[in-house]
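Scroll down for the structure; my scribbles are underneath it.
Derivation of every value follows stated rules applied to the coordinates shown; laboratory data play no part. Everything quoted here is computed from the prediction, not taken from an experiment. Every residue, glycine as well, gets a Cβ built from its backbone with ideal geometry; the counts of neighbours run over all protein chains shown.
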Amino acid sequence: MAYTFNGGIHVEEYKNTRKCRIETLPPPKKVTIPLSQHIGAPATALVNPGDTVTLGQKIGDVAEGMLGCPVHASVSGTVKEIVKKTIPTGAVVDHIVIENDMQDTLCPDIHPTEKRLTDVESAEIVSVIREAGIVGMGGAAFPTYAKINSALGKVDRIIINCAECEPFITANHRLLLEHPASVINGVKILLKALGVRTAYIAVEDNKMDAVEKLEELLADSKMISVRVMKTKYPQGDERQLIFALTGQEIPAGKLPADVGCVIFNAETCAAIYKAFSTGMPSVTRVVTVDGDCIRRPKNLLVPVGTEAGELIAFCGGLARPPKKLISGGPMMGAAQWDPDMPVTKSTSAVLVFSERFGKKRVPAPVCIHCGRCVNHCPMHLMPMYIAQFSQAGDLKRAEEYGAMSCVECGSCSYNCPGGVEIVQHIRVAKASIKAEKARAATQNAQK
Ligand code: SF4
Ligand code: SF4
């Protein structure tokens with residue numbers, strides 16, 4: 001029987017690209033690389049306009065001791081300018097624009113880790129992962145070296161998140177089918193780094209071809225096994241994944257490591273293996289390009305910093321006028337206002353939808369107290385009350401009702417017959433609560 005969690009929803013899958021092999025995007029003429037592609041402090045530029053850079057060269061870094069990651073050139077060429085632009089999260093950060101010389105001149109610093117995995121120390125692995133600028137590639141973008149450090153000595157299980165429960169996205173599915181050994185080798189490196197002996201690769205049961213492939217390769221493995229998860233949204237949320245696999249609930253305000261688990265994304269594992277075996281930092285990723293506006297949906301291997309327009313053009317362009325561009329999945333991704341938004345290390349999908357796709361707005365949303373949002377909330381919250389408190393500006397009660405535990409999965413809004421944009425109201429409450437706390441902390445510090 002497949003593992004699962006309580007609540008959640010069954011969404012139309014739209015996995016149109018499940019059979020589309022990963023194609024390599026032709027090299028872009030330029031890349032626009034954000035200096036903040038991770039949680040934590042933005043990197044500081046290490047290059048200036050006019051500088052020549054090589055493929056894989058470190059072009060930005062964060063001061064030692066600060067949470068953050070280095071950033072690397074995804075092509076070789078010339079730095080044209082450093083400009084301020086908006087990243088998918090809405091923050092405005094510096095971007096390094098590199099004109100591609102189409103030579104792919106490799107940075108001389110790039111070389112494989114010289115030691116065998118059996119001889120390498122945990123700290124050395126963590127250092128390789130940090131220097132390669134690897135972050136959670138499922139969308140969270142948390143620096144992977146920091147996640148390992150925070151889990152060291154606390155966890156006895158690693159979970160590899162291959163749920164890919166968002167509609168449309170198939171990038172991880174194709175990676176598992178086409179490069180399963182890279183993912184498995186990445187898991188072995190993580191096992192060694194964390195000093196644990198158990199890893200589960202969690203795959204939803206709508207990807208049984210990938211499950212079969214992994215099970216074949218892992219037939220003799222004593223430490224790594226595959227876990228088949230029921231296809232249900234949001235199975236990929238780490239709290240739901242841990243509950244489904246272990247029966248443990250993570251208390252509010254706690255982390256997976258507090259219940260002995262740490263979760264990594266499948267593509268993150270492949271990036272770790274690549275960094276370890278070749279020295280190449282995180283400068284490419286697989287992106288699903290889909291949506292009803294895209295003529296020929298595809299999975300593409302793309303240099304970080306490539307503008308979304310290049311991906312769309314390679315997929316045959318737009319079949320109809322676009323209404324919405326989304327970075328990531330349709331449930332938890334972020335709508336974009338810049339069609340030239342660059343792909344970052346955590347961009348799993350570029351989706352373009354027309355007016356005719358998606359939920360129609362209800363002119364006068366109203367709660368009819370049906371209770372569906374409560375039934376579907378995987379965090380066992382009462383979303384309609386939090387939304388109402390948010391609308392009334394009652395942040396205290398919104399917080400008391402668990403607003404900060406909301407994982408913003410959107411399961412409540414998806415099923416609301418009254419058309420209430422529940423998750424949007426909860427997001428507003430969360431942002432206001434955070435801002436209020438930050439303001440109070442600043443005032444206290446100034447006293
Ligand atoms: S699903 Fe919508 S209508 Fe039903 S209780 Fe929740 S907010 Fe109200
Ligand atoms: S309240 Fe939050 S966690 Fe619960 S269903 Fe809505 S978005 Fe998901």
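Tabulated data for the structure shown
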quantity: DSSP-defined antiparallel bridges as percent of all bridges, the chain, nearest 5; calculated: 60 percent
quantity: Stokes-Einstein D (µm²/s) once Rh is taken as the Kirkwood radius of segment 372-446 over alpha-carbon pairs, at 20 °C in 1.002 mPa s; calculated: 171 µm²/s
quantity: Residue-wise HN-Hα coupling along segment 288-305, computed from phi with Karplus coefficients 6.51, -1.76, 1.60 (Hz; x: Gly, Pro); calculated: 7, 10, 7, x, 5, 8, 7, 5, 10, x, 8, 10, 10, 8, 10, x, 4, x
quantity: Order of Leu176, Leu318, Leu25 - criterion: other Cβ atoms within 10 Å of each residue's Cβ, fewest first; calculated: Leu318, Leu25, Leu176
quantity: In range of the label at Ser225: residues from segment 145-175 whose backbone nitrogen is under 18 Å from the point 7 Å along Cα→Cβ; calculated: 156-162
quantity: Rg and Dmax of segment 1-100, Cα atoms only, in Å; calculated: 18.6, 59
quantity: For Lys298, distant residues with modelled amide H under 5 Å away; calculated: Val289
quantity: Given charges at beta-carbon only (K, R positive; D, E negative), |dipole| of the chain in Debye; calculated: 960 debye
quantity: Estimated [θ] at 222 nm from DSSP helical runs (n ≥ 4, -39500 (n - 2.57)) normalised by residues in the chain, nearest 500; calculated: -8500 deg cm²/dmol
quantity: Cα-centred dipole magnitude for segment 117-278, charges only on beta-carbon of K, R (+1) and D, E (-1), debye, nearest 20; calculated: 300 debye
quantity: DSSP-loop GluC sites (Glu not before Pro) across segment 99-200, with at most 14 other Cβ within 10 angstrom; calculated: Glu114, Glu121
quantity: Volume of the Cα convex hull of the chain, divided per residue and given in Å³; calculated: 151 Å³
quantity: Dimensionless Rg over Rh [segment 117-278; C-alpha; Kirkwood]; calculated: 0.93
quantity: Residues Met404, Met229, Met384 arranged by fewest to most Cβ contacts within 10 Å; calculated: Met404, Met384, Met229
quantity: Exceeding the 22 Å Cα-Cα cut-off - candidates Lys207/Lys298; Lys29/Lys323; Lys115/Lys192; Lys58/Lys84; Lys147/Lys192; calculated: Lys29/Lys323
quantity: Cβ-based exposure ranking for Val92, Val62, in which fewest neighbours within 10 Å come first; calculated: Val92, Val62
